[in-house]
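*Asks:* Structure provided below as structure tokens; questions to follow.
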Amino acid sequence: MATRAQPVSRGYLGNASAARSAHVAELVDRVAAGGPVDLWGFSLGALTATGVAVRHLSKVRRLVLAAVNIRPDGYHPEITAPEQDDPRLPTEQEFAAWQAAYEAVAPDPDDFLPFLERMQPVVHGWSGWSDDEIRSIAAPTSAAVVK
């Protein structure tokens, strides 16, 4: 029997990057005495980790990012296309497996599709970071970007 996850905070994933970063900064305060900590992120996690490094510099010692972009033009055009038929997107079978895995452990198993709707602004409404914001990251950073 799967154990349901108990979130530290709810509702931040679909909100603005600043809110996600603030939640992670709060977590660093709660569990790591305010940091600094090493952050590793993949995809949305990399966007969030970058946001922490930009907005909460003292919390981040080192930053490791994978599958990350710093501006919306970093997305492959096919990923943001309305057709959503790019082969890099999940198949129906993969999507069903993800949904089942989510429903097995999520605090609200019925929230999978609403969660995905809340995530749309991450791809379609995110404005990215300015050059100055990226230059402000003081932590040593390693990024893996595959085109």
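The values are calculated or read from the model by the stated rules, or taken from the named source; none is laboratory data. Since the structure is predicted, the reported quantities are computational estimates derived from the model, not experimental observations. Quick reminder, even Gly has a Cβ in these numbers, built from the backbone with ideal geometry, and neighbours come from all protein chains shown.
*Asks:* For residue 32, work out the one condition from (1) buried (at least 18 other Cβ atoms within 10 Å of the Cβ); (2) within 19 Å of residue 138 (Cβ to Cβ) it doesn't fulfil.
*Replies:* (1)
*Asks:* Can you say whether residue 64 is modelled with pLDDT of 90 or more and of a type in the set (A, V, I, L, M), as far as the supplied structure shows?
*Replies:* Spelling it out, residue 64 is indeed modelled with pLDDT of 90 or more and of a type in the set (A, V, I, L, M).
*Asks:* Right, next: Just checking, which of 24, 37, 8 is in contact with a Ser or Thr (Cβ under 8 Å, 6 or more places away or on another chain) and either within 24 Å of residue 102 (Cβ to Cβ) or modelled with pLDDT of 95 or more (or both)?
*Replies:* Testing whether each residue is in contact with a Ser or Thr (Cβ under 8 Å, 6 or more places away or on another chain) and either within 24 Å of residue 102 (Cβ to Cβ) or modelled with pLDDT of 95 or more (or both) leaves just 24.
*Asks:* May I ask you to verify whether residue 71 is within 20 Å of residue 17 (Cα to Cα) and among the basic types (Lys, Arg)?
*Replies:* The answer is yes for residue 71.
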